[in-house]
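Report on the following structure.
The values are calculated or read from the model by the stated rules, or taken from the named source; none is laboratory data. Fair warning: this is a prediction, and the values are worked out from it, not measured in the lab. Here the Cβ positions follow ideal geometry from the backbone for every residue, glycine too, while neighbour counts run over all protein chains shown. Only protein heavy atoms, including side chains, enter the accessible area calculation; ligands, DNA and RNA are left aside. Shrake-Rupley method; radii C 1.70, N 1.55, O 1.52, S 1.80 Å.
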Amino acid sequence: FELAPLSRPTEDQKATTAAASNMLQAAPNPFTASTALTYTLAAPTIVRLELYDNTGRLVRILQDGMLQAADTYQMDMAGEALAPGVYYCRMTAGEQVQVLKLVRAGL
């Protein structure tokens, strides 16, 4: 997986974004082949993205490390190797945790 900044926020955007920091989103959701995970960081921080199946088993670690820029990030998550079903993406950014329900649709 490759993670790349989408844009650099202005100071006004950073102030507005601070309240909405770490808003993890996925599109499309439900997905078949892949989905794009997008989130915004208000400040540089350590980010960990984990994918769990419906039983709570860790399927894969999508991101684990320091992101240096307060920015919006997007990564494509391939779904071909995943069985159809419900998954949960857990994002830990600093002290904040967010969980997003993902649905891998059947073909």
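Spacing of the modelled spin labels on Ala27 and Asp64, each 7 Å from Cα toward Cβ, amounts to 3.0 nm. Val86 label point, 7 Å along Cα→Cβ, cut-off 14 Å on backbone N: hits in the stretch 39-77? What the label zone holds, given the 14 Å backbone N cut-off, is 52-57. Around the amide H of Ala42, modelled in the peptide plane, lie the amide H atoms of Asn22, all under 5 Å away and 5 or more residues distant in sequence or on another chain. Largest accessible area first, the residues Glu80, Glu50, Glu95 order themselves as Glu95, Glu80, Glu50 under a 1.4 Å probe with ligands, DNA and RNA left out. The candidates Val47, Val99, arranged from most to least accessible area with a 1.4 Å probe in the full protein assembly, appear as Val99, Val47. Solvent-accessible surface (1.4 Å probe) assigned to Tyr39 amounts to roughly 0 Å².
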